[in-house]
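Engineer: Before anything else, here's the structure in question.
The values are calculated or read from the model by the stated rules, or taken from the named source; none is laboratory data. Source: prediction; values computed, not measured. Every residue, glycine as well, gets a Cβ built from its backbone with ideal geometry; the counts of neighbours run over all protein chains shown.
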Amino acid sequence: MSENSAPTPPKKVHVKTWGCQMNVYDSERMTGLLKPLGYAPTEIAEEADLVILNTCHIREKAAEKLYSELGRLKKHGRNADAKIAVAGCVAQAEGAEIRARAPQVDLVFGPQSYHRLPEMIARAAREKGEVLETEFEAEEKFDALGQSREAEGYTAFVTVQEGCDKFCTFCVVPYTRGAEISRSTDDITAEVRSLAAQGVREVTLLGQNVNAWHGAAPAGSGADDWGLGQLCRHIARIDGIERIRFTTSHPRDMDDELIAAFGEEEKLMPYLHLPVQSGSDRILKAMNRGHTAEDYLRQIDAVRAARPDIAISGDMIVGFPGEDDKAFEETMALVREVNYASCFSFKYSRRPGTPGATMPKQIAEEIKSARLLELQALLEDQKQAFNAGLVGKTLPVLFEKKGRSPGQLSGRSPYLQGVFAEGPESLIGQIVPVLITGTHPNSLSGILQKEAA
Ligand code: 5AD
Ligand code: SF4
């Protein structure tokens, strides 16, 4: 990892296996899955940071053997902070009883859940306030999308939420960034007020799962807990703030209040980045997304009912393990139905330590590349059509800086496109009506309708 912490000694995992050859194989698999989280195998239970008891139900008195081993571990002194996990068929069959009889056990999981072991270990570590040393690659282009930035002139990014508890099976963020946490309403309000006082007109609220944000409502407001919709409405009342955006959202956290805010709060810009990743329910399940393609489409319908002109943006992954032609076709069909204004798309890349990396049916590079090309051609057509649909319309543009050629200004439309127009520098920092006259690969051009006062 790129963090500049001193290297910590590797953690150790001890796996005790009962039963058949299958169980021996499973134990090896678990050891392998834990390697990227910094766990090296050890034969000595007493020196382990994690003890996994891999049980077998076929053998007689399996449960008794388990409890006697748990008792032995307790008596013979183990690493004080060691975690104890019970895996295998006894865990599957008697999970609740094990938890009741042996409270020292941290994790209980059956053979169907081994692929989720890194996730479970990361969660258990977090609950104890530990930091995991992982071997994930330092280069994280995906993370960069969620980085907080300093105020730049008239627009600013404000981090309101960090971390992720979703554990999509392709993604390292839950391991590297930790659990979902929300910044307090008061802190956010204070920062936005100070930015507004410095001349900022537009704020973008940032978070890996920004719409999971929740916080206490300010005293006297009559509400207990706020979601992102209320936060946007609240920020809209801060003097000087004219535009609000937020990114990145998750379909599981879209609530009615946030959707309603798009229709009711004029300062909330008509742009929503709502990644879906795939159009196939089978792949969405393997990705552990927690929603179907239909759930997503209904959300898009609801958002469009609230704000018909909204620009929808998203993220797509092609070539996730197990993605066959039919699943890819379902992604293309979903994209056709949504009709994106813009959308990021990626070839699936195996991230060590994530469950996806060890899934069977990895997709060949050539197939991933061909699918990405096909998807991107469709997305590019949709983007150009969205842009072309704005020609002849007058849009409010927030001018942020000088353009590339002399006398030109550069700004943004409500839909987040770059807009160029000729105009005096005095308009920088102002929101001005611009008649859109042309589209370019990555921007629009137009003519000022009137000079702002
Ligand atoms: N492979 C491909 N794309 C990925 N993303 C995250 N992890 C991976 C991966 N392993 C993409 C997702 C996410 C965006 C920020 O990066 O689409 O929404
Ligand atoms: Fe969290 Fe999934 Fe987004 Fe990764 S892709 S940050 S796991 S919601």
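Engineer: If you check Ala305, Ala370, which single one turns out to be more than 16 Å from ligand 2 (Cβ to nearest atom), small (Gly, Ala, Ser), within 16 Å of Tyr271 (Cα to Cα) and over 20 Å from the mean Cα position of the chain (by Cα)?
Structural biologist: Ala305
Engineer: Something else about it: Among the residues of segment 282-292, is there at least one that is over 19 Å from the mean Cα position of the chain (by Cα), modelled with pLDDT of 95 or more and over 28 Å from Asn387 (Cβ atoms)?
Structural biologist: To start, the set of residues in segment 282-292 that are over 19 Å from the mean Cα position of the chain (by Cα) comprises 282.
From the residues that got through so far, the ones that are modelled with pLDDT of 95 or more too are 282.
Add one more test, that the residue is over 28 Å from Asn387 (Cβ atoms), and what stays is 282.
Looking for residues that are over 19 Å from the mean Cα position of the chain (by Cα), modelled with pLDDT of 95 or more and over 28 Å from Asn387 (Cβ atoms), one finds at least one in segment 282-292, hence yes.
Engineer: Going through segment 280-293 one residue at a time, which ones are assigned to a loop (DSSP other than H, G, I, E, B) and either within 13 Å of ligand 1 (Cβ to nearest atom) or in contact with a strand residue (DSSP E or B) (Cβ under 6 Å, 6 or more places away or on another chain) (or both)?
Structural biologist: Answer for segment 280-293, where residues must be assigned to a loop (DSSP other than H, G, I, E, B) and either within 13 Å of ligand 1 (Cβ to nearest atom) or in contact with a strand residue (DSSP E or B) (Cβ under 6 Å, 6 or more places away or on another chain) (or both): Met287, Asn288, Arg289.
Engineer: Considering segment 254-264 alone, what residues qualify as being surrounded by fewer than 17 Cβ atoms within 10 Å (Cβ to Cβ) and assigned to a loop (DSSP other than H, G, I, E, B)?
Structural biologist: Asp255, the sole residue that qualifies.
Engineer: Can you pull out the residues in segment 347-366 that are β-branched (Val, Ile, Thr), away from ligand 2 (no atom under 15 Å from the Cβ) and part of a loop (DSSP other than H, G, I, E, B)? Break it down stepwise before answering.
Structural biologist: Within segment 347-366, the first condition is being β-branched (Val, Ile, Thr), and the residues that meet it are 354, 358, 363.
Adding the requirement that they be away from ligand 2 (no atom under 15 Å from the Cβ) leaves 358, 363.
Ile363 - this is the single residue of segment 347-366 that is β-branched (Val, Ile, Thr), away from ligand 2 (no atom under 15 Å from the Cβ) and part of a loop (DSSP other than H, G, I, E, B).
Engineer: Collect the residues in segment 266-275 that are within 16 Å of ligand 2 (Cβ to nearest atom) and surrounded by 24 or more Cβ atoms within 10 Å (Cβ to Cβ), keeping them in residue-number order.
Structural biologist: Scanning segment 266-275 gives a single hit, Leu272.
Engineer: Shifting gears a bit: Check whether at least one residue in segment 141-162 is of a type in the set (A, V, I, L, M), away from ligand 2 (no atom under 16 Å from the Cβ) and at pLDDT 85 or above, and report yes or no.
Structural biologist: Looking for residues that are of a type in the set (A, V, I, L, M), away from ligand 2 (no atom under 16 Å from the Cβ) and at pLDDT 85 or above, one finds at least one in segment 141-162, hence yes.
Listed here are the residues, each with its yes/no results for (1) buried (at least 21 other Cβ atoms within 10 Å of the Cβ); (2) of a type outside the set (D, E, K, R); (3) within 14 Å of ligand 1 (Cβ to nearest atom).
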| site | (1), (2), (3) |
| --- | --- |
| Gln277 | yes, yes, yes |
| Asp295 | no, no, no |
| Asp315 | no, no, yes |
| Pro321 | no, yes, yes |
| Asp324 | no, no, no |
| Asn339 | no, yes, no |
| Pro352 | no, yes, yes |
| Ser369 | no, yes, yes |
| Gln376 | no, yes, yes |
